[in-house]
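What follows is a single structure, written as structure tokens, with notes after it.
The values are calculated or read from the model by the stated rules, or taken from the named source; none is laboratory data. No experiment lies behind these values; they were computed from the predicted model shown. Heads up, the Cβs are rebuilt from the backbone with ideal geometry, glycines too, and the neighbour counts pull from every protein chain shown. Please note that ligands, DNA and RNA were not included when accessible areas were found on the heavy atoms of the full protein model with its side chains. Shrake-Rupley method; radii C 1.70, N 1.55, O 1.52, S 1.80 Å.
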Amino acid sequence: YAKDGGQNVLIASFYAQNRQVVAWNEISQITKNAAIAGEDVRYYEHGAIDPVGIARAAVANLAGKSLQGASTITQQYVKNVCVQEAENLSTQKAVDAAYADCTDPSVGRKLKEARLAIALEKKYSKNQILLGYLNIAGFGGRIYGIESAAEYYYDTTAAKLTIAQAASLIAIVNNPTFLRLDDTANLAGNKSRRDYILGVELRNRLISKADYTTAVATPILPKITQTTSGCQSAGVAGFFCDYVVRSILSSPQFGSNPTTRLANLQRSGWKIYTTLDMSIEKKAQRVMNTYVPKTSVVFSVGSASVSVEVGTGRIISMVQNKDYNDSSSNPPASDTAINYNADAALGASNGWQPGSTFKLFTLLQWLKTGHTLNETVDGNPGIKAASSFTVCGKNYATLGGQDWNVGNDPGDPGGMQTVMRSTALSINGAFASMAQQLDLCDIQNLAESMGIAPAAGPTFPTIVAPMVIGGSYGVAPVAMAGAYATIANNGVYCKPVVIDKVVKTDGSQLAVPQAGCTRVIDQGVAVAAAYALRSVMTSGTAGGDNTADGIYELGKTGTTDNAYDTWMDGTTSKVTTVVWVGNNGRLANKPLQGLRLTSFTTTPCYLSGNGTAAIARHCLWHDIQAAINAEYGGATSWAQPDPQYLNGGTAVAPGIAPATPATPAATGTVPDVTGQSPAAAEAALVAAGYSWALNGTTTSTQPVGTVAATSPAAGSALAPHSQVTIQTSG
């Protein structure tokens, strides 16, 4: 079930057998009369076994007439229970053996059945046993129980069956394979058995002569009403439904192994109440359909959006630009069973490179290790030596790491930049320089603590230098949503979850997977990161994504090499939404930056009528988040970072974070280290309160290997803890 306007709405059903158990008062007397007439007309007159019936059957059998079993309804109920228990066994071999025992025609088995029937009637009333029989009897194929039979064959309920309909359904029980009503070849045989039952009812005054005349004259006109098992019938919620199923099959709360969990899902009669907000799900899908087509002649287009509630991890929406289809091995291009929002385990997806949205973790580790937002770092593109990076305390080059040629997006400013401005404008060179002062293992470990791991599985390699700007492994959008929600939750990570509760048939509740909310970063670090991410929305790469409702929003964009994948990850204090638009499975690699949005959809993006496909993420995020804000609300201001995370100066005045980055405090001067050895230059810079990094060689008049120049140049005013890059003489 999902929630829609505060009401629980059914999105999918799962069953090995289509059975609905109903109460005594939910089955009409008409139907009960038909069952008695068709299977055991003296049911209320004899005990668990019927001596008169046994004698009659014996005489008929000895006379060479068709064999008669003489089983009472109680005995049939015992047999049906035996068969059901057999079908619940874990292996087909065990099922076949147990079924053979239940249906063995031997005298021994019949005597055991009679003995159990006698014991049963000592404990339960005739009405209870008849009800059990009607709820367990097979009506052909996967249809079990009178309620499901009424719905499937006549699109009605057991309480509303007509005399003729009730008799035709009870007729099926006699031979389900050859009397079921969804095969037109069976209708004549069913009518013959139906009319026999009606005749028994007439003779035993269970119906009147007029009722009998009307019923036998009524043609059998079934109205077959299919009930689909599984997520195929979930419509807009198909991919979310699939995520729930995979979560159940992988969670020990639902059984000791996947086989048992599947059996429980299909047979236990659980009511599973999920986290899905159907109202938001429908709106999100409409937005998706507006901006991203299901197929395109331009490139193999894929898109996904997922929204997670801050502080709980509850997934309230999960949509993509395809229709859910797990019933075909070769679905059309508009369909798929792969969940683009999930990973391999929970959606058969290998994820997507996150691009600059991964810079969040580099930023957090930067702040966590005592650096500030107003430190300056080298934002220039260029080659970063492998030896300038650290991996788990070791030199990256000695571990086989390669030099990294860092490129900035065209139009990005180079030069020395504050971390604050580098975040707003997503400058690759700056984040590479930040990573030179950190340990790559620490960045990856921090990401893992916030739910980020290779979507393809734990064996996928992670630690490479380009990881720090998202140029490594594919991640799942739902994982990124959980991570960004951690910032909005002041540093407390909640694992995304999809199940609120599971109610068993006896009304008790089953334990379900929990979000396990845990603090993974200090609140001060989270607040400072939020401050920087706010600048992305106000003066950076997501400047057009702000909604018009006054809700405080923060986030980060991401674009991979050649814009094969584009992202927008953003959050309010209430809900985090992550959007991905890109090349689906690299079937046809195309740079979205150069593809016009109008070339594959007739609806232009709100940002630009001539917007490229890379802009679609902004359209999606803006419109989906606006719909969410209207329902969930959110804070209109945010806590301000402590001075230690800015520049070590005075605190920012209370209130909403400014739209532009704070001015760095110029409290020091870059020393002149020209002509010195790199080691001496490092010592001088550290003594002056700065960090440093090598940035290649240049032609100069200084001796080879000594310092040729620094950036910023000697004598420049620079905030403490900022980075100074060194070029040596060639």
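Scanning segment 235-251 for residues that are assigned to a helix (DSSP H, G or I), modelled with pLDDT under 95 and surrounded by 14 or more Cβ atoms within 10 Å (Cβ to Cβ) turns up at least one hit. The combined condition, being within 19 Å of residue 405 (Cα to Cα), among the aliphatic types (A, V, I, L, M) and surrounded by 18 or more Cβ atoms within 10 Å (Cβ to Cβ), is not fulfilled by residue 719.
Counting only residues that are exposed (fewer than 15 other Cβ atoms within 10 Å of the Cβ) and free of Cβ contacts under 8 Å to residues at least 40 places away in the same chain, segment 322-335 holds 5 of them.
Answer yes or no: is there a residue in segment 75-90 that is part of a helix (DSSP H, G or I), at pLDDT 90 or above and open to solvent by 80 Å² or more (accessible area, probe 1.4 Å). Scanning segment 75-90 turns up no residue that is part of a helix (DSSP H, G or I), at pLDDT 90 or above and open to solvent by 80 Å² or more (accessible area, probe 1.4 Å). The sole residue among 276, 262 that is open to solvent by 40 Å² or more (accessible area, probe 1.4 Å) and aliphatic (A, V, I, L, M) is 262.
Residue 201: in contact (Cβ under 8 Å) with a residue 60 or more places away in the chain, closer than 30 Å to residue 45 by Cα and either among the basic types (Lys, Arg) or touching a helix residue (DSSP H, G or I) at 6+ places or on another chain (Cβ under 9 Å) (or both), yes or no? It is true that residue 201 is in contact (Cβ under 8 Å) with a residue 60 or more places away in the chain, closer than 30 Å to residue 45 by Cα and either among the basic types (Lys, Arg) or touching a helix residue (DSSP H, G or I) at 6+ places or on another chain (Cβ under 9 Å) (or both).
Looking for whichever is out of contact with any Ser or Thr (no Cβ under 7 Å at 6 or more places or on another chain) and modelled with pLDDT under 85 here; the options are 651, 548, 588, 627. Which one fits?
Within the list 651, 548, 588, 627, the selection yields 651.
Restricting attention to segment 156-174, which residues are crowded, with 17+ Cβ neighbours inside 10 Å and either of a type in the set (Lys, Arg) or under 13 Å from residue 215 (Cα atoms) (or both)? Answer for segment 156-174, where residues must be crowded, with 17+ Cβ neighbours inside 10 Å and either of a type in the set (Lys, Arg) or under 13 Å from residue 215 (Cα atoms) (or both): 161, 162, 163, 164, 165, 166, 167, 168. Looking at the structure I just gave you, is residue 319 aliphatic (A, V, I, L, M), in contact (Cβ under 8 Å) with a residue 40 or more places away in the chain and part of a strand (DSSP E or B)? Yes. Of everything in segment 338-355 that is open to solvent by less than 10 Å² (accessible area, probe 1.4 Å) and among the small types (Gly, Ala, Ser), the residue that is nearest to residue 457 (Cα to Cα) is 349. In segment 540-557, how many residues are open to solvent by 40 Å² or more (accessible area, probe 1.4 Å) and more than 20 Å from residue 614 (Cβ to Cβ)? Of the residues in that region, 3 qualify.
Kindly evaluate residue 710 against the criterion of being of a type outside the set (A, V, I, L, M), modelled with pLDDT under 85 and not in a loop (DSSP other than H, G, I, E, B). No: the conditions fail for residue 710. State yes or no: is residue 38 modelled with pLDDT of 85 or more and either in a helix (DSSP H, G or I) or of a type outside the set (A, V, I, L, M) (or both)? For residue 38, the condition - modelled with pLDDT of 85 or more and either in a helix (DSSP H, G or I) or of a type outside the set (A, V, I, L, M) (or both) - is met. A residue that is in contact with a Lys or Arg (Cβ under 7 Å, 6 or more places away or on another chain), over 30 Å from residue 685 (Cα atoms) and either of a type outside the set (S, T, N, Q) or not in a strand (DSSP E or B) (or both) cannot be found anywhere in segment 425-437.
Quick one: in segment 394-406, of everything that is touching a strand residue (DSSP E or B) at 6+ places or on another chain (Cβ under 7 Å), open to solvent by 30 Å² or more (accessible area, probe 1.4 Å) and not in a strand (DSSP E or B), which residue is nearest to residue 468 (Cα to Cα)? Selected residue: 403. Consider segment 18-35 and keep the residues that are polar (S, T, N, Q) and at pLDDT 95 or above. The one that is least open to solvent (accessible area, probe 1.4 Å) is 31.
Yes or no: segment 475-493 includes at least one residue that is polar (S, T, N, Q), within 20 Å of residue 369 (Cα to Cα) and surrounded by fewer than 24 Cβ atoms within 10 Å (Cβ to Cβ). Yes, segment 475-493 contains a residue that is polar (S, T, N, Q), within 20 Å of residue 369 (Cα to Cα) and surrounded by fewer than 24 Cβ atoms within 10 Å (Cβ to Cβ).
Just checking, does segment 415-424 include any residue being surrounded by fewer than 21 Cβ atoms within 10 Å (Cβ to Cβ) and farther than 28 Å from residue 545 by Cα? Checked against the condition, which is being surrounded by fewer than 21 Cβ atoms within 10 Å (Cβ to Cβ) and farther than 28 Å from residue 545 by Cα, segment 415-424 yields no hits at all. For residues in segment 117-155 being in contact (Cβ under 8 Å) with a residue 24 or more places away in the chain and part of a loop (DSSP other than H, G, I, E, B), which is most open to solvent (accessible area, probe 1.4 Å)? Looking at residues that are in contact (Cβ under 8 Å) with a residue 24 or more places away in the chain and part of a loop (DSSP other than H, G, I, E, B), I get 142. Restricting attention to segment 190-213, the residues being among the charged types (D, E, K, R) and assigned to a loop (DSSP other than H, G, I, E, B) number 1.
Counting only residues that are in a strand (DSSP E or B) and not charged (D, E, K, R), segment 330-388 holds 6 of them.
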